[in-house]
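First comes the structure, then the notes that go with it.
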Amino acid sequence: MHREETLNALHAQIRACTACPLHRGRTNAVPGDGPADALIMFVGEAPGFHEDQQGVPFVGAAGRLLNELLEKSGIARRQVFITNVIKCRPPGNRDPEVDEVTACKHFLDSQIEIIAPKVIVTLGRHSMARAFPETKISQIHGQPRSAAGQIYFPMYHPAAALHQPSLRSVIDADFGLLRALLDDKLAAETYTPPPEAEQLSLF
Ligand code: URA
């Protein structure tokens, strides 16, 4: 099966999933958004109110900030894949519970396997904890590191900057470092730089 069909089939399973109690309160499950051959995957925490309404990740306030950060660093949202650790909204936007993360884990594992991104950007501590459970985000944000043969780039969640404005400059700086990593990593492997005028829209 073609990669896109495989991903679509997985997303149909996510929309029909009843494995944990969160399915009872959802308007829509939120599988993820972006091309099946994306080189970069962003993984947030869980859908919020607007994401649940629309079935699309990062479309509320945190999503608007993510869009701004992507745009400023010359990374096109349409060329990255964006998803979350869990695919249904927890009531009142509380933190995901261990059982919910466990029930949903295989969906994210499958997305990573199908898309096979070159870099996974984790947004926030819940996303980071999948690969680096013993680590504090304050210690590793903005530093690429590998786990199980995969390159990760941990970042603070954009919502953290909405609650704590002093983090904004940290996140801005980390997006600059991410852009440098992508230029380096993708140039070395698969990426042929387009003519100058198109450069900003490639990522
Ligand atoms: N926060 C997340 O972690 N994910 C979303 O999709 C929206 C907000």
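I need the peptides 117-126, 85-94, 164-173 ranked by packing, meaning the mean over residues of other C-beta atoms within 10 angstrom, with the highest value on top.
Values: 117-126: 22.1, 85-94: 19.0, 164-173: 13.4.
Ranked from most to least packed, the peptides come out as 117-126, 85-94, 164-173.
Just reorder Glu45, Glu51, Glu134 by solvent-accessible area, largest first, 1.4 Å probe, all chains present. Provide the component values of the computation, followed by the final result.
Working: Glu45 45, Glu51 20, Glu134 170 Å².
I get Glu134, Glu45, Glu51, largest accessible area first.
Taking a quarter of the surface of the Cα convex hull of the stretch 46-120, what do you get in nm²? List each step's numbers first, then the result.
Numbers: hull surface 22.0 nm².
Mean orientational projected area (the stretch 46-120, Cα hull): 5.5 nm².
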### Summary
Under 17 Å by backbone N from the virtual spin label 7 Å along Cα-to-Cβ at Lys136, the residues of the stretch 156-180 are 156-157, 167
### Message
Can you compute 3J(HN,Hα) from phi for each residue in the stretch 39-45, using the Karplus curve 6.51 cos²θ - 1.76 cosθ + 1.60 with θ = phi - 60°, rounded to whole Hz and x for Gly and Pro?
### Response
7, 10, 10, 9, 10, x, 9
### Task
Apply the Karplus parameterisation 6.51 cos²θ - 1.76 cosθ + 1.60, with θ equal to phi minus 60°, to every residue of the stretch 54-62 and state each ³J(HN,Hα) to the nearest whole Hz, in sequence, with x for glycine and proline.
9, x, 10, x, 6, 10, x, 4, 5
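In debye, nearest 20, what is the charge dipole magnitude of the stretch 3-198 about its Cα centre with +1 on Lys and Arg Cβ and -1 on Asp and Glu Cβ, if you could check?
420 debye
Rounded to the nearest 500 deg cm²/dmol, what is the calculated helix-only ellipticity per residue at 222 nm for the chain, with -39500 (n - 2.57) per DSSP H run of length n ≥ 4? Provide the component values of the computation, followed by the final result.
Working: 10 runs with 97 residues, N = 203.
The helix-only estimate for the chain comes to -14000 deg cm²/dmol at 222 nm.
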### Message
To test your reading of the geometry: what angle, between 0 and 90 degrees and rounded to tens, separates the Cα axis of helix 98-115 from the longest principal axis of the chain?
### Response
40 degrees
#### Entry: the chain - percent relative contact order, Cα under 8 Å, separation 6 or more
23 percent
### Message
Going by Cα centres, the stretch 145-191 and the stretch 84-133 are how many Å apart?
### Response
17 Å
### Query
Relative to the longest principal axis of the chain, what angle (0 to 90°, nearest 10) does the C-alpha long axis of helix 168-189 take?
70 degrees
### Task
Enter the accessible area per residue of the chain (Å², integer; probe 1.4 Å; all protein chains in place).
49 Å²
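Eigenvalues of the Cα gyration tensor times 5, then square-rooted: what semi-axes does that give for the chain, in whole angstrom, largest first?
On the way: eigenvalues 130, 80, 53 Å².
So the equivalent ellipsoid measures 25, 20, 16 Å along its semi-axes.
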### Summary
For Gly124, the residues 5 or more places away or on another chain with a placed amide H closer than 5 Å to its own amide H are Met155, Tyr156, His157
#### Entry: Entries of Lys105/Lys185; Lys72/Lys118; Lys72/Lys136; Lys72/Lys105 with Cα pairs more than 24 Å apart
Lys105/Lys185; Lys72/Lys136; Lys72/Lys105
## Note on the structure
Measuring from the longest principal axis of the C-alpha atoms of the chain, the long axis of helix 3-16 (C-alpha) lies at a number of degrees, nearest 10, equal to 30 degrees
### Message
If I model a spin label at Ala180 and Arg64 as a point 7 Å from the Cα along the Cα→Cβ vector, what separation in nanometres do I get?
### Response
3.1 nm
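The values are calculated or read from the model by the stated rules, or taken from the named source; none is laboratory data. The shown structure was predicted, so the numbers you read here are calculated from the model rather than taken from an experiment. Because the Cβ atoms are built from the backbone with ideal geometry, glycine has one as well, and the counts that use them run over all protein chains shown. What goes into the accessible areas is simple: the full protein's heavy atoms, side chains included, and nothing from ligands, DNA or RNA. Shrake-Rupley method; radii C 1.70, N 1.55, O 1.52, S 1.80 Å.
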